Amino acid sequence: MEDKIINILSNSNFESRKTTSKLIYLLKSKGFNPTTKFSNKAELTICVGGDGAFLKAVHKNNFSQIPYVGINTGHLGFFQEISPDKMDEFINDYIKGNYSVEELNLIGAEVFTKNKNYILTALNEVVLKAQNSKMIHSHVFINKNHLEKFSGDGLLISTPSGSTAYNFSSGGAIVYPTLNVIQLTPISPVNSTAYRSLQSPVIVPGNHIISLVPEKRYANSNLLLVDGKEYFFTNLKKVNLRMSNKTIRRLVFSKDSYWDNLKSKFL
């Protein structure tokens with residue numbers, strides 16, 4: 001790309017701002033043109049912060065095809081591979097091409113209401129809940145095959161890269177990020193003589209369609225969470241979820257970073 005532009009997108013906490021200032025200095029010293037305003041002409045986007053900053057950057061810039069890499073100044077940082085004290089090493093490895101490019105799959109949600117359809121996209125997960133912390137009852141279909149009538153707090157559909165986020169906290173499986181699958185995880189499912197719901201997650205091929213059809217009484221009391229952002233729809237009929245044809249690209253500098261992350265974050 002022209003002018004060796006590099007986007008730097010940061011959250012506003014002190015550590016991130018300090019890291020961004022140092023990063024700008026280091027990049028300029030190596031002949032790059034860093035900008036804290038998103039440029040479509042950039043060759044790389046660096047996200048400074050935690051996973052929240054990474055998700056915000058990806059959504060705000062409409063899942064740009066410019067490769068992303070993260071510098072972790074947050075708590076968890078699953079998407080954020082680079083430590084602030086390793087920025088010199090990171091820049092040198094980037095210049096030398098000592099990295100691989102990982103394609104991260106996204107989930108597409110087609111939302112059907114009485115009068116209109118909407119398309120939403122998520123990097124981590126889409127969750128169907130009822131408003132005001134009520135229990136929701138929803139039919140679940142996989143490729144038009146009726147699986148269950150779910151009763152519980154909600155249904156969570158995650159990507160492999162999102163499997164270590166809300167999904168993992170809800171008892172879902174950890175799935176390697178490059179696999180082409182989606183996961184359906186029940187949140188606090190009810191299993192009694194009155195209600196029968198699956199207690200464990202279901203993993204299906206990415207080209208399968210998971211359809212969630214809430215009971216009519218929830219048509220106006222639903223809540224859809226897309227990577228943590230809340231959406232409310234009146235007269236909700238159905239939500240179809242499948243692997244999106246969109247992806248984002250992320251730079252990976254260590255072939256062992258995923259397993260190192262799993263161990264250091266969770267064990």
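The values are calculated or read from the model by the stated rules, or taken from the named source; none is laboratory data. Being a predicted model, the structure only gives us computed values, none of them experimental. Cβ: placed from backbone, ideal geometry, glycine included. Neighbour counts: every protein chain shown. Quick note on the areas: whole protein, heavy atoms, side chains included, nothing else; ligands and nucleic acids left out. Shrake-Rupley method; radii C 1.70, N 1.55, O 1.52, S 1.80 Å.
Using the structure shown, decide if S39 is in a loop (DSSP other than H, G, I, E, B), free of Cβ contacts under 8 Å to residues at least 12 places away in the same chain and more than 27 Å from L262 (Cβ to Cβ). Spelling it out, it is not the case that S39 is in a loop (DSSP other than H, G, I, E, B), free of Cβ contacts under 8 Å to residues at least 12 places away in the same chain and more than 27 Å from L262 (Cβ to Cβ). On the stretch given as region 1-52, residues that are open to solvent by 20 Å² or more (accessible area, probe 1.4 Å) and within 24 Å of Y166 (Cα to Cα) total 7. Restricting to region 145-169, count the residues that are open to solvent by 30 Å² or more (accessible area, probe 1.4 Å) and of a type in the set (S, T, Y). Of the residues in that region, 2 qualify. Take the conditions under 27 Å from W259 (Cα atoms), out of contact with any His (no Cβ under 9 Å at 6 or more places or on another chain) and among the aromatic types (F, W, Y) and apply them to Y94. Does it pass? The answer is yes for Y94.
Look at (1) in a strand (DSSP E or B); (2) over 21 Å from L104 (Cβ atoms); (3) under 22 Å from the mean Cα position of the chain (by Cα) and you find that S12 fails only one, number (1).
Considering K237, K216, K229, the condition of being under 30 Å from S83 (Cβ atoms) and open to solvent by 40 Å² or more (accessible area, probe 1.4 Å) is satisfied by K229 alone.
The residues of region 118-137 that are part of a loop (DSSP other than H, G, I, E, B), open to solvent by 30 Å² or more (accessible area, probe 1.4 Å) and touching a strand residue (DSSP E or B) at 6+ places or on another chain (Cβ under 8 Å) amount to a single one, M135.
V202 meets each of the listed conditions (1) aliphatic (A, V, I, L, M); (2) open to solvent by 30 Å² or more (accessible area, probe 1.4 Å); (3) free of Cβ contacts under 8 Å to residues at least 60 places away in the same chain apart from (3). Do you know which of the residues in region 241-257 that are among the aliphatic types (A, V, I, L, M) and over 30 Å from D93 (Cβ atoms) is surrounded by the most Cβ atoms within 10 Å (Cβ to Cβ)? The qualifying residue surrounded by the most Cβ atoms within 10 Å (Cβ to Cβ) is L241.
Scanning region 80-117 for residues that are of a type in the set (G, A, S), in contact (Cβ under 8 Å) with a residue 24 or more places away in the chain and either outside any strand (DSSP E or B) or open to solvent by 10 Å² or more (accessible area, probe 1.4 Å) (or both) turns up S100, G108. Within region 185-194, not a single residue is in contact with a His (Cβ under 8 Å, 6 or more places away or on another chain), surrounded by 19 or more Cβ atoms within 10 Å (Cβ to Cβ) and not acidic (D, E). Scanning region 131-148 for residues that are within 29 Å of P177 (Cα to Cα) and either charged (D, E, K, R) or in contact with a Ser or Thr (Cβ under 9 Å, 6 or more places away or on another chain) (or both) yields a count of 8. Filtering region 55-79 to residues that are assigned to a loop (DSSP other than H, G, I, E, B) and either of a type outside the set (A, V, I, L, M) or surrounded by 23 or more Cβ atoms within 10 Å (Cβ to Cβ) (or both) leaves N61, N62, F63, S64, Q65, P67, T73, G74, H75, G77, F78, F79.
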